[in-house]
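A.B. asks: Have a look at this one before I ask anything.
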C-alpha cells in the first residue's frame, strides 16, 4: 500500500523490483500471483518488468 501523495512516483515499485531482481539473479526466474481485479498492483509489477499470464484457481471458502 502506498500513500496517495506518493503514488506514481516509484516508491511502490522499489520493493518488488528489489525482490524480483534478487530472485532472477539467484534462481533465473521469478513469479507471483495477483488478483486480476487489482489493477494498481498489476501496474506496479508490470513497471518492474513482469508480464501477465492468466490461469484459473479455486479457493475454499
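None of the figures in this text is laboratory data; all of them are computed from the coordinates on show. Since the structure is predicted, the reported quantities are computational estimates derived from the model, not experimental observations. As a convention, Cβ positions derive from the backbone with ideal geometry for all residues, glycine included, and neighbour counts pool all protein chains shown.
A.B. asks: To make sure I understand, if each residue's beta carbon is the centre and we count other beta carbons within 10 Å, what order do 54, 23 fall in, fewest to most?
C.D. replies: Result, fewest neighbours first: 54, 23.
A.B. asks: Please give the length that would be gained between residue 53 and residue 2 if that part of the chain were fully extended, namely 0.36 nm times their separation in residues minus their C-alpha to C-alpha distance (nm, one decimal).
C.D. replies: The residue 53-residue 2 span can extend by a further 15.9 nm.
A.B. asks: How do 33, 50 rank when sorted from fewest to most other Cβ atoms within 10 Å of their own Cβ?
C.D. replies: 33, 50
A.B. asks: Classify the chain: rounded, prolate or oblate, from the alpha-carbon gyration tensor (a ≥ b ≥ c, eigenvalue square roots; a/c under 1.5 rounded; otherwise prolate if a/b is larger than b/c)?
C.D. replies: It comes out oblate by the Cα gyration axes.
A.B. asks: How do 18, 55 rank when sorted from fewest to most other Cβ atoms within 10 Å of their own Cβ?
C.D. replies: Exposure proxy ranking, most exposed first: 55, 18.
A.B. asks: Counting alpha carbon pairs within less than 8 Å and at least 6 residues apart, what relative contact order, in whole percent, applies to the chain?
C.D. replies: The value is 30 percent.
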